[in-house]
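A quick write-up on the structure given underneath.
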There are 2 protein chains.
Amino acid sequence: MRESDQQEAAPEQPRRRPGYKRTDEICDGIMGWIVEDRLKPGDRLPQERELMARFKASKSTVREALKALQTQGLIATRTGPGGGAFVAALDGNRAMELLSNYFYFRHPTIGDIYALRKVLEPQMAASLAGRLTQENFSRLEETIRIYDHPAANIGEEYRQRIAELDFHTVLAELCPNPILGFMCSFLQNLLRNLSICRRIYDTPNPELRESALHYQARLIEALREENAVRAASIMFEHMCTAQDYMEACEAEIQDGFLKFDE
Amino acid sequence: MRESDQQEAAPEQPRRRPGYKRTDEICDGIMGWIVEDRLKPGDRLPQERELMARFKASKSTVREALKALQTQGLIATRTGPGGGAFVAALDGNRAMELLSNYFYFRHPTIGDIYALRKVLEPQMAASLAGRLTQENFSRLEETIRIYDHPAANIGEEYRQRIAELDFHTVLAELCPNPILGFMCSFLQNLLRNLSICRRIYDTPNPELRESALHYQARLIEALREENAVRAASIMFEHMCTAQDYMEACEAEIQDGFLKFDE
DNA sequence: AGATATTTGTTCGTATGTATT
DNA sequence: TAATACATACGAACAAATATC
């Protein structure tokens, strides 16, 4: 009774394997359409009613499958007439959210992050030489202006640290190598969200700000000169000193915690 | 930050906004529990029945929310007595699948991939010096044995190319820096799955095999000597020559396609 | 080993919210 | 404004998986 009555004389039959998981079958089926038919973002997918018919599944099951695809950023849905499910391109921010979950239980250290930033950010900076428009430079300088002065309070202090990271994110978004750009942005995001980093950013650290400001101003200069080698070496130094500061703060904070730990 | 000021007082009032999106509310709620209560992999979550009651939502809605969390690898579910939803740790393979979607419409080139491999793989190799057990070495040599001889046919040819990548994946899994290990594995995965690469791997290329074999044997030697610097430099050379071969093949294949393109 | 209880997975029918025309 | 087409939400019942006795 496993291989039940699926001989409806219908042409296409998903075969209804006993180890069922209808939802996953529907997911795989729709993903198959996307790759085989070379569907592109914005292309329509069949509506729920038709999916129910094609997969011989109930509304709830079809909806669970669509929800899974939506969660992965592969489709987007709209209500109303002309609505339905459409192919979508997973955007960078969503991709980083999904990837962040992988590191949620793996606790990368500041050393882990900077080991990568030290090699990736210089290469990213170098790849930008000769590719920035006047508008891009304006945006960078606008970002720098947020932390070109000492912070008046802790709140501003924190916002300045985030803005320093934003500076790098602006660069990463302009990187012609999409993988390199993504990885740089992702590391920046880790720094923004890691709890140890948040604690560091919450404590005043005037040297960190001045150091960043100095390197980033020089970096803009090198990029204006379209000097890739110099941009890379400035960025490398910047990452090295930033790592030193961060790890010093980390040690200090963890020392403090030892006293209060039970 | 969500405004999830759930007044956990006596009257449970999820606020029930008319603008539906109940599913997302439930997702956010459960994710909130995971982070606020510091839940760890394996910890139980309430069962469907109780979730329905807590969120005052129907079974289908709760299930869609659970499906979304499951898709992200944050929970796993089991049927039967004692079953239910459990917190899970997103595993590496699933994380790579999710991230792959980001690059599905962004078409990284072989140059993009190797620009990163050239800096990441050497660092990864260096981090392994003095950390490998006899068992690890055995596994590496076992992998190499798959391609230590010329392939008899196209099928074996392809499997050899995949095994060459597997060699690097074995190393990446042992990398003490989880981010570095993940990124190396991910780049290897991209090479495995990119259609241009599959075409390259499907064509005979004896030089590529011999070159890889040579470098990897020397790499094992350096790792046995626990010589990090030498391991890194061998890996760097390996990546450079591999890139040259791959890009030469890429150009050849694309030349061939130009003739058949309309 | 087999029956049973428990829990997720699936189905169907219906009602409601939302955007287009 | 009303009609329409679509996703979203609800609830009861059924099917399948699995731990326990």
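Residues to consider are B:226, B:173; find the one that is at positive phi and modelled with pLDDT of 95 or more.
When all the criteria are applied, what remains is B:226.
How about region B:62-83: which of its residues are surrounded by 20 or more Cβ atoms within 10 Å (Cβ to Cβ) and within 12 Å of DNA strand D (Cβ to nearest atom)?
Across region B:62-83, the qualifying residues are B:62, B:63, B:64, B:65, B:67, B:68.
Every residue in region A:201-223 that is of a type in the set (D, E, K, R) and either over 16 Å from residue A:146 (Cβ atoms) or at pLDDT 95 or above (or both), please.
Within region A:201-223, A:202, A:207, A:218, A:221 qualify.
Across region A:130-156, what is the number of residues that are hydrophobic (A, V, I, L, M, F, W, C) and at pLDDT 95 or above?
So the count comes out to 5.
If only one of A:159, A:145, A:218 is under 22 Å from the mean Cα position of the chain (by Cα) and assigned to a helix (DSSP H, G or I), which one is it?
Numbers: A:145 fails: under 22 Å from the mean Cα position of the chain (by Cα); A:218 fails: under 22 Å from the mean Cα position of the chain (by Cα).
That would be A:159, the only listed residue that is under 22 Å from the mean Cα position of the chain (by Cα) and assigned to a helix (DSSP H, G or I).
Mind listing just one residue for me: the one in region B:102-152 that is acidic (Asp, Glu), surrounded by fewer than 20 Cβ atoms within 10 Å (Cβ to Cβ) and under 16 Å from residue B:212 (Cβ atoms) and, of those, farthest from the other protein chains (Cβ to nearest Cβ)?
B:148
List pairs: first residue in region A:188-214 and within 14 Å of chain B (Cβ to nearest Cβ), second residue in a loop (DSSP other than H, G, I, E, B) anywhere in the structure, Cβ distance under 8 angstrom, at least six positions apart or on different chains.
A:190/A:108; A:194/A:108
Go through region A:24-61 and count every residue that is touching a strand residue (DSSP E or B) at 6+ places or on another chain (Cβ under 7 Å) and within 9 Å of DNA strand D (Cβ to nearest atom). Working first, answer last.
Taking region A:24-61 and keeping what is touching a strand residue (DSSP E or B) at 6+ places or on another chain (Cβ under 7 Å), we get A:34, A:39-45, A:47.
Then keep just the ones that are within 9 Å of DNA strand D (Cβ to nearest atom); that gives A:45, A:47.
Residues that pass the stated criteria total 2.
Hey, can you tell me all the residues within region B:40-71 that are over 24 Å from the mean Cα position of the chain (by Cα), more than 12 Å from DNA strand C (Cβ to nearest atom) and not in a helix (DSSP H, G or I)?
Matches in region B:40-71: B:43, B:56, B:57.
Which numbered condition trips up residue B:95, out of (1) part of a helix (DSSP H, G or I); (2) within 12 Å of DNA strand C (Cβ to nearest atom); (3) touching a helix residue (DSSP H, G or I) at 6+ places or on another chain (Cβ under 9 Å)?
(2)
The values are calculated or read from the model by the stated rules, or taken from the named source; none is laboratory data. From a predicted model like this one, the values you see are computed outputs, not experimental measurements. Cβ sites come from the backbone with ideal geometry, for glycine too, and all protein chains shown count toward neighbours.
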